[in-house]
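These notes are about the structure you will find just below.
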Amino acid sequence: MTKWSDMQVKLACVVCCSLAISGCATYSAKSADMRSSLLSGQFAMARDLAEKQQADKDVLAALNQGMLRRMTGDYVASNQVFEQAKRRIDELYGVSVTDQLGALTINDTLRDYQGDRYEQVLLHAYMAMNYIQLGELDAARVEMLQADVKMREWGDAPEEDAFVRYLSGIIYEILGENDQALVAYRKAYEIYKSSSNRLGLATPQIVKQDLLRLLATEQLWDEYRRLKTEFGMADFKPVKTAGGYGEVIVVLNNGLAPQRQENAITTFSHEVSQLVRIALPAYRYRPAQLTRARINVDGRQQPLETVENVDALARHALNDDIALITTRAIARAVIKYKTQREMQDNHGGLAGLLMTVTNLATERADTRSWTTLPQEIQLTRLLLPEGQHQVNIEMVNTAGRVVDRMQQTVTIKSGQRTLLSEHWVAPAPVISAKSK
Amino acid sequence: MTFSMYSNFFRLLTLVVIGNALVGCQPSVTRVDSAAVTDLSGNWNDTDSRLVAQEMVQDVLSRNWLPSFSNKQGKAPTVIVGSVRNLSHEHINTRTFIADIERELINSGEVDFVASSKERQEIRSERMDQDLNATEATRKAMGQETGADFMLQGSINTIIDAIDGEQARFYQVDLNLIDLSSNRKVWVGQKKIKKTIEKGGLRW
């Protein structure tokens, strides 16, 4: 055994540092406790677990805390931490030199998490819904405008989010600004129509109905007739409400967004003529949704429609990024291989082994994503007479039996629209697979 | 790449990591004059609020509605502050410049203000409490409030133009004085502010 030279001691320090920084677990493994509490319906416990993290510099911790505070009904605190996340995302604009350095030598988790585009835009949507629950409609309107500026800044249409446009339309309608609402609904329809692949769903019926209804209210008959034939809804009649009726809009956040898992693959690199091992993030197969949601008010039942498929957005976002992630991973693997070869050649077997161990231990995939988002966002609207009503949101399985029910009391005022929101997480099947 | 370049790489990396950790150790606080301009992120800040208040006060005291009212009625006009709607894309606190405008106008002696609808809830409940608990001599009678002659309402609007890391923001603050008996708008004040913000594409 050779005596350790000055250089080897220094290198050992770097090795320890890097192990400490990146940790030896992926984000999915670290957040497994929080996710399992959510899957067993224990929102309060999941919130306590999330609150243990520092939210001021970590966007993901802030997003999770915000969502969990919202799930436990604390809307003011939720918006506070969401605002922190928003500010931090703004600060992370641009390319960071240290992040890229870390990504090329150790692993991708050294880069600060900025959030995918769909996550950044849904942040605004959830802040807006928080403000609506608090009765601050002007503040919700501000959030929608911020989301609009963000989407416009990105420039290209494929990055637009149809649900956020639709939500803006709802907020404008609640505030009585029908012309703005019409623009928002039109945009929502355009995005649903053109990006049905990326969004993972067809245009929801409710969006078509709202667009036609608003066109009829604003008396834009040409467009109304044209869209009526395009939608194939020849027997649609805009409901003329007499006084004494108000609308309730029910938003259900169903399930949890998918979690990325780690996939280790070995590939051949021509640069070093060797097989190198890289770890890439991937999504597992999604189990089919076996329960459908409907609302039950005063004996009337109406199904809820999916207006946003976050699961599809997440998978699509990973698909877009995977080429770049793979290239970076291969470059990193080449650099790591070269360092371990040099260590072995110049400093003996022990140093080479230490280097190899470091390289293997730090090669983890970046599995970070906002997993407390729902799997899908479902919505429906209903006209109800004035007064107090008990709104039941029922989850129905394929046999038609109600497996879960959430109740909320809502006071309807004539001519006004009320938004009601709920979170529901289906209990996970008890097949335990070791997730890396 | 030779090994020495790699070792330098790792040295640099260690330094970078340690440096990053050390930088956030001691916060530094500097006191500045409250009128100093500190534009940090480009969002609406105290300088904007001050500019709006200055312009509005100067405008409202120099227009014809004031002498025209005092000559006809023989007293200073009474104003109540209504809602100033935030129709912009930022969460702006409108109370800062409204409070500045109120203060300047009251101190000038030419305009009277009465408590707004939110403020007077507390006053009315205090008066009701006095009805029950205070002595006959010090009790304030109900129904003695001064009715306002004008209401101050307004809105803040923004127009944003953005591409990549550059943004041009335009704020327009509109305030109206509306005659409460006839609904006539006797004064309209406007302040426009424009900013351009550039976000650097590279950071440490």
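Summary table
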item	result
Extreme residue, surrounded by the most Cβ atoms within 10 Å (Cβ to Cβ), among residues of segment A:343-372 that are within 14 Å of another protein chain (Cβ to nearest Cβ) and of a type in the set (A, V, I, L, M, F, W, C)	A:MET343
When residues of segment A:109-129 are limited to those that are over 12 Å from A:MET151 (Cβ atoms) and of a type in the set (Gly, Ala, Ser), the one nearest to the chain's Cα centre (by Cα)	A:GLY115
Residue under evaluation B:SER108, criteria (1) within 30 Å of B:SER62 (Cα to Cα); (2) within 14 Å of chain A (Cβ to nearest Cβ); (3) out of contact with any Ser or Thr (no Cβ under 7 Å at 6 or more places or on another chain), criterion not met	(2)
Selection status of B:ASN8, touching a Phe, Trp or Tyr at 6+ places or on another chain (Cβ under 9 Å), surrounded by fewer than 15 Cβ atoms within 10 Å (Cβ to Cβ), within 14 Å of chain A (Cβ to nearest Cβ) and at pLDDT below 90	no
Residues satisfying the stated conditions in segment B:154-177, i.e. away from chain A (no Cβ under 14 Å) and of a type outside the set (D, E, K, R)	B:GLN172, B:VAL173, B:LEU175, B:ASN176, B:LEU177
Selection within segment B:184-204 - over 30 Å from B:LEU66 (Cβ atoms) and either away from chain A (no Cβ under 14 Å) or part of a strand (DSSP E or B) (or both)	B:LYS195, B:THR196, B:ILE197, B:GLU198, B:LEU202, B:ARG203
Residue tally, condition in contact with a Leu (Cβ under 8 Å, 6 or more places away or on another chain) and outside any helix (DSSP H, G or I), over segment A:186-214	2
Qualifying residue in segment A:36-43 (condition: within 30 Å of A:LYS336 (Cα to Cα), surrounded by fewer than 18 Cβ atoms within 10 Å (Cβ to Cβ) and modelled with pLDDT under 90)	no
A:ASP148 vs. criteria touching a Lys or Arg at 6+ places or on another chain (Cβ under 6 Å) and of a type in the set (D, E, K, R)	no
Given (1) more than 24 Å from B:LEU61 (Cα to Cα); (2) touching a residue at least 12 places away in the same chain (Cβ under 8 Å), index of the condition B:GLY143 fails	(2)
Matching residues, segment B:79-131, being free of Cβ contacts under 8 Å to residues at least 60 places away in the same chain, in a loop (DSSP other than H, G, I, E, B) and not charged (D, E, K, R)	B:HIS91, B:ASN93, B:GLY109, B:VAL111, B:ALA115, B:SER116
Selected residue [surrounded by fewer than 22 Cβ atoms within 10 Å (Cβ to Cβ), touching a helix residue (DSSP H, G or I) at 6+ places or on another chain (Cβ under 6 Å) and within 14 Å of chain B (Cβ to nearest Cβ)] from A:THR98, A:THR72	A:THR98
Residue in segment B:46-66 that is farthest from the chain's Cα centre (by Cα), counting only those that are of a type in the set (S, T, N, Q) and more than 19 Å from B:LEU87 (Cβ to Cβ)	B:ASN64
Tally, over segment A:240-261, of residues that are surrounded by 10 or more Cβ atoms within 10 Å (Cβ to Cβ) and part of a loop (DSSP other than H, G, I, E, B)	7
Out of A:LEU110, A:LEU122, sole residue that is at pLDDT 95 or above and either touching a helix residue (DSSP H, G or I) at 6+ places or on another chain (Cβ under 7 Å) or aliphatic (A, V, I, L, M) (or both)	A:LEU122
Residue list for segment A:58-85, restricted to those being without any contact (Cβ under 8 Å) to a residue 40 or more places away in the chain and among the charged types (D, E, K, R)	A:ARG69, A:ASP74
Out of A:GLN375, A:GLN340, A:GLN407, sole residue that is free of Cβ contacts under 8 Å to residues at least 40 places away in the same chain, of a type outside the set (Ser, Thr, Tyr) and surrounded by 13 or more Cβ atoms within 10 Å (Cβ to Cβ)	A:GLN340
Tally, over segment A:135-167, of residues that are away from chain B (no Cβ under 12 Å), in a helix (DSSP H, G or I) and among the small types (Gly, Ala, Ser)	2
Qualifying residue in segment B:78-88 (condition: among the charged types (D, E, K, R), more than 30 Å from A:ILE89 (Cα to Cα) and at pLDDT 90 or above)	no
Contacts under 8 angstrom Cβ, first residue in segment A:194-209 being modelled with pLDDT of 90 or more, partner of a type in the set (Lys, Arg), 6 or more apart	A:THR203/A:LYS193; A:ILE206/A:ARG381
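The values are calculated or read from the model by the stated rules, or taken from the named source; none is laboratory data. Small disclaimer: the values here were computed from a predicted structure and weren't measured. Glycine also receives a Cβ, built like all others from the backbone with ideal geometry; neighbour counts cover every protein chain displayed.
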